[in-house]
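Participant: There's a structure below that I have some questions on.
The values are calculated or read from the model by the stated rules, or taken from the named source; none is laboratory data. These numbers were taken from a predicted model, which means no experiment stands behind them. Cβ: placed from backbone, ideal geometry, glycine included. Neighbour counts: every protein chain shown.
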Amino acid sequence: MTEDYPSNPPPVNAPAPATNWRLYLELLSFCGFVFPFGNIIGPLILWMVKKDSVREVAEFGPKVINFNISWLLWSIATCGIGAIAWLIIAIIATIKAANNEPFKHPWALPLVK
């Protein structure tokens, strides 16, 4: 009882999978809840490791790092009130990254290039 299977399967024209590196960068911003300055160190490590091999990390890594450094400074300047704004904006940025929608981080100082 043998069944005939085609020797070569037909080619599948599947679209290239979307990468999630931008989402990973945004999610690493929440490492600040686990260890001090994790919101800066997490994206910084990913950016330093992958910036030469992944275009998306090279493009969005400095933006996420600048956003987190800037909002750390804003939070210090506003005695912690900026941390609430940072959390809301970080959640919005993560959702936008998950949906592959564009997002510009507000009030981010251009510190890392």
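Participant: Report, by residue number, each residue of the stretch 73-110 that is closer than 11 Å to S29 by Cβ and more than 12 Å from the chain's Cα centre (by Cα).
Facilitator: Answer for the stretch 73-110, where residues must be closer than 11 Å to S29 by Cβ and more than 12 Å from the chain's Cα centre (by Cα): W86, L87, I89.
Participant: Let me ask something additional. Name the residues in the stretch 52-88 that are over 14 Å from H105 (Cα atoms) and polar (S, T, N, Q), would you?
Facilitator: Selection gives S53, S75, T78.
Participant: With assigned to a loop (DSSP other than H, G, I, E, B) and over 17 Å from F37 (Cα atoms) as the only criterion, which of K96, K104 stands out?
Facilitator: The match here is K104.
Participant: Right, here's the next one. Which one of S75, S70 is closer than 22 Å to M48 by Cα and not β-branched (V, I, T)?
Facilitator: Of the residues listed, the single one that is closer than 22 Å to M48 by Cα and not β-branched (V, I, T) is S70.
Participant: Looking at V54, V64, which is the one that is modelled with pLDDT of 95 or more and touching a helix residue (DSSP H, G or I) at 6+ places or on another chain (Cβ under 7 Å)?
Facilitator: The match here is V64.
Participant: Among all residue pairs at least 6 apart or on different chains, which show Cβ distances below 7 Å where the first residue, located in the stretch 33-61, is touching a residue at least 12 places away in the same chain (Cβ under 8 Å) and the second is among the basic types (K, R)?
Facilitator: Partner pairs satisfying both residue conditions: E56/R22; V57/K50; V57/K51; F60/R22; G61/K51.
Participant: Now for a separate question. Right, I69: surrounded by 13 or more Cβ atoms within 10 Å (Cβ to Cβ), within 13 Å of the chain's Cα centre (by Cα) and of a type in the set (A, V, I, L, M) or not?
Facilitator: When the stated conditions are applied, I69 does not pass them.
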